[in-house]
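As structure tokens, the structure follows; a few thoughts come after it.
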Amino acid sequence: MKNIIKEAAKQNNVSVKELHREIGAAIDEGMKCTDPYAIEFWKQFGGKKPTVEQFLKALSACVSSEISKT
């Protein structure tokens, strides 16, 4: 996961620290979402803010699951 984050930062011309901040801000906003699907997604973290790595891992699992349904 660290390599993926490092590569994403490089591709976006930002530092790893800046990418973490941006994803963290996106997590904060996402956790406020009232969409039922989003609420269900965030439940897996037990009401706590996940780390960037935890979030990305859960998001990839969610995307993989949706892809395999098609």
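The values are calculated or read from the model by the stated rules, or taken from the named source; none is laboratory data. Note that the structure is a prediction, hence the values are computed from the model and not measured. Positions of Cβ are generated from backbone atoms using ideal geometry, with glycine treated the same way; all protein chains shown enter the neighbour counts. Ligands, DNA and RNA are excluded from the accessible area calculation, which covers all protein heavy atoms including side chains. Shrake-Rupley method; radii C 1.70, N 1.55, O 1.52, S 1.80 Å.
The residue that is farthest from K2 (Cα to Cα), counting only those in region 52-70 that are assigned to a helix (DSSP H, G or I) and among the polar types (S, T, N, Q), is S68.
Does region 15-51 hold any residues that are open to solvent by less than 90 Å² (accessible area, probe 1.4 Å) and in a loop (DSSP other than H, G, I, E, B), and which are they? Within region 15-51, S15, M31, C33, D35, F45, G46, G47, P50, T51 qualify.
Only residues that are of a type in the set (G, A, S) and free of Cβ contacts under 8 Å to residues at least 24 places away in the same chain: list them for region 1-43, please.
Step one: filter region 1-43 for residues of a type in the set (G, A, S), giving 8-9, 15, 24-26, 30, 38.
The answer is A8, A9, S15, A25, A26, G30, A38.
Test V63 against the stated conditions and say whether it is of a type outside the set (K, R), open to solvent by less than 100 Å² (accessible area, probe 1.4 Å), out of contact with any Ser or Thr (no Cβ under 6 Å at 6 or more places or on another chain) and at pLDDT 95 or above. So V63 does not fit the description; no.
In region 3-14, the qualifying residues are those that are touching a helix residue (DSSP H, G or I) at 6+ places or on another chain (Cβ under 8 Å) and open to solvent by 60 Å² or more (accessible area, probe 1.4 Å), and the one that is modelled with the lowest pLDDT is I4. When the test is whether a residue is over 17 Å from N3 (Cα atoms) and either in contact (Cβ under 8 Å) with a residue 12 or more places away in the chain or touching a Phe, Trp or Tyr at 6+ places or on another chain (Cβ under 9 Å) (or both), G46 does not pass it.
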